[in-house]
Structures are given as structure tokens and as C-alpha cells.
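Structure, as C-alpha cells:
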Amino acid sequence: MQWQIQSYETIDSTNLEAKRKIQQSPLGASLHGTVIVAEEQTQGKGRLGRQWDSNRAEGLWFSAIRLSLLRPEQASLYSFAAAVAVAEAMNAQTGLSVQLKWPNDVLAEGKKLCGILLELVPRTKTEYDIVIGIGLNVNQKKQAFSDALQDKATSLALLTAQEWDRTHLLMSILDKLQENCELLEREGFLPLREKWKAMSNLLGRAVSVQQNGTELYSGIAEDLALDGTLLVRSNGELRAVCAADISLRTKQGEYSF
Ligand code: BT5
């Protein structure tokens, strides 16, 4: 499959545009492989209705559409393919080693470099597309981030003291995305899970599982289950944490997104 890239100057959100395109496409026509990329997003979206700051021309804001080959209840596994793809592309292009935070953030030096928003769009009774939205901070200087993000966000330029070509980065991420989605579809989650675990520094650490800012329970992040849930041992009991409405903090206060 060749990715087909459609570029926009300004758009509300590349995920919204991808979903509009899927919904408007005639039955039977496939948008598999379409990538929507924008210089600027006016309503960049995070998870749970949160906002994603998408400065003009400084980051990489894009959404890739794929026809899913997994059952809907397994679809969240694609977000691990995306996180691993970003990490591998960062390493290949810039030499940086990033860390993956469950479920799908990419961090460097404890700050958020990239966020991923995966959405499902049904096409027919049996088929659905996934929209993999990726926001990567590339050439922002410190002042480019809002006050709220000053201590939480970072960019490739801040990490490496040089500017990066966003098109090259996009191509590299898309190559790795294709590779890791195919790995997942062909061999199941096991090999991808190993890659993800090798790049995550969360396992074995104390975490607080929270909903709407309130702690539900705390424990030790023990493993990543085969369905992508995080297994946390709390008071001797192993509990599965679903990504849907949960946020996670380490006891040291990192990962406080
Ligand atoms: C995410 O949500 O991390 C998913 C972000 C996905 C953005 C991409 S850009 C292309 C595509 N089109 C879209 O509209 N979205 C996708 P979440 O885990 O909810 O994190 C959101 C939180 O990250 C915010 O509440 C802020 O604290 C923080 N944040 C916002 N903008 C940021 C940025 N540019 N860099 C780092 N952190 C940011």
C-alpha cells in the first residue's frame, strides 16, 4: 500500500477531516491509505475532549486512515503500532531515544513530545476504518508553548538544538506505521507488545489510576495485557486499566497529562 497524502494549510482538526471524508465517501470506495496533514489546526483534539495545541508550521499534525483488519474490540491495539512507529522513526531520523507512556504518549526527558488519538469509523455492518491522529512537536521553541504546557511539553528542536524537516519525518513515521500495523495484523499483538514494553519505562513503577482528577486506586504497573489494558497490582490484586477514561500518574508526579 502507498500512502496518499492530502495537505491543508489550515483545518479544524485532521481527525475531523478524515472522519468527514470517510462518512462522505460512496459505499464501496476505500480511503485506506489516505493521510490528511495540515500546517495548522484550529481545533486540534486530544482524548476525552481535551485540546491539542497545534501551532502553525512548527509541528507535524496528521491523520492516517486504514481499513481495519482487526475486530472492533481489538482496535485500540493500533495505537500501540502508532506509538512504536513514532518512537522508531524518531530514533532512525534524529538518534533520540524516546519513552512510551501507556496508552499512547511519546515522551522525551519526561515531557510530552507526541500525542496519538485513535478513532473508529464504521463503514458497513462488518467493516470499519481507523483514523490514527498523530501530533508531533517538531520545531517549536520554548515560548511557542502555552503557559500550561511550558513544563509538560517538548519539541524535537528543544531536545536536539536544531530544526527538522517535517516532510522527512512524516515519511519516516508513515513507513514505520505501515510496518507496525502489518506486524500487528499478521502476527497478532505479541511481537508489537514486546517492542512497546522495551520502550516503556512505566512497568514496575508506582502509579495512581485516576478518573476526572480523582484517584480510583494506586499500585504498581505490572504488565501490558494482550488486549492492551494495563495491569496494575493494587493491594495484592491485579486490576486491568482501560484507556477510555483513565489518566495515570507516577508517584513521582511525572506523566501528569
Ligand atoms: C493526545 O491526547 O495526546 C492526543 C493528541 C493527538 C493530536 C493529533 S494532531 C493530529 C490529529 N488531529 C487532531 O485533532 N488530533 C490528532 P491527550 O492524551 O488527551 O493529551 C492532551 C493533553 O496534552 C492536553 O490536555 C495538554 O495537557 C497536552 N497537550 C496539548 N497540546 C500539546 C502539545 N502540542 N504538546 C504536548 N502536549 C500537549
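The residue that is farthest from the ligand (Cβ to nearest atom), counting only those in the stretch 147-177 that are at pLDDT 95 or above and among the polar types (S, T, N, Q), is Gln162.
Applying the condition of being of a type in the set (Val, Ile, Thr) and within 14 Å of Glu58 (Cα to Cα) to the stretch 140-172 and asking which residue is surrounded by the fewest Cβ atoms within 10 Å (Cβ to Cβ) yields Thr167. Every condition in (1) over 11 Å from Ile132 (Cα atoms); (2) within 15 Å of the ligand (Cβ to nearest atom); (3) in contact (Cβ under 8 Å) with a residue 60 or more places away in the chain; (4) within 11 Å of the chain's Cα centre (by Cα) holds for Val84 except the one numbered (2). Apart from one condition, Trp102 fits all of (1) closer than 25 Å to Lys21 by Cα; (2) within 14 Å of the chain's Cα centre (by Cα); (3) among the aromatic types (Phe, Trp, Tyr); the exception is (1).
The test for being within 14 Å of the ligand (Cβ to nearest atom), surrounded by 16 or more Cβ atoms within 10 Å (Cβ to Cβ) and not acidic (Asp, Glu) holds for Asn137.
Against the test of being in contact with a helix residue (DSSP H, G or I) (Cβ under 9 Å, 6 or more places away or on another chain), surrounded by fewer than 19 Cβ atoms within 10 Å (Cβ to Cβ) and modelled with pLDDT under 95, the options Ala29, Ala57, Ala92 yield a single qualifying residue, Ala57. Total residues in the stretch 114-152 satisfying the condition of being more than 21 Å from Cys181 (Cβ to Cβ) and either without any contact (Cβ under 8 Å) to a residue 60 or more places away in the chain or assigned to a helix (DSSP H, G or I) (or both): the figure is 10.
Conditions tested, residue by residue: (1) loosely packed, with under 12 Cβ neighbours inside 10 Å; (2) outside any helix (DSSP H, G or I); (3) hydroxyl-bearing (Ser, Thr, Tyr); (4) modelled with pLDDT under 95.
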residue	(1), (2), (3), (4)
Glu179	no, no, no, no
Arg186	yes, no, no, no
Gly204	yes, yes, no, yes
Val207	no, yes, no, yes
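Taken over the stretch 26-73, the criterion of being farther than 25 Å from Pro103 by Cβ, more than 16 Å from the ligand (Cβ to nearest atom) and either within 14 Å of the chain's Cα centre (by Cα) or of a type in the set (Ser, Thr, Tyr) (or both) is satisfied by Ser30 alone. One residue stands out among those in the stretch 102-116 that are more than 10 Å from Phe80 (Cα to Cα) and hydrophobic (A, V, I, L, M, F, W, C): the one that is surrounded by the most Cβ atoms within 10 Å (Cβ to Cβ), which is Cys114.
In the list Ala64, Ala38, Ala57, which residue meets the criterion of being more than 20 Å from Val121 (Cα to Cα) and part of a strand (DSSP E or B)? From the options Ala64, Ala38, Ala57, the qualifying one is Ala38. Every listed requirement among (1) within 12 Å of the ligand (Cβ to nearest atom); (2) surrounded by 17 or more Cβ atoms within 10 Å (Cβ to Cβ); (3) of a type outside the set (A, V, I, L, M, F, W, C); (4) in contact (Cβ under 8 Å) with a residue 60 or more places away in the chain is met by Gln99 save one, (1).
The test for being basic (Lys, Arg) and without any contact (Cβ under 8 Å) to a residue 24 or more places away in the chain does not hold for Arg66. Selection over the stretch 209-238 of residues that are part of a loop (DSSP other than H, G, I, E, B), at negative phi and in contact (Cβ under 8 Å) with a residue 24 or more places away in the chain gives a count of 2.
The values are calculated or read from the model by the stated rules, or taken from the named source; none is laboratory data. Treat the numbers as computed from the prediction; the structure is a model and nothing was measured. Don't worry about glycine lacking a Cβ; one is built from the backbone with ideal geometry, like all the others, and counts go over all protein chains shown.
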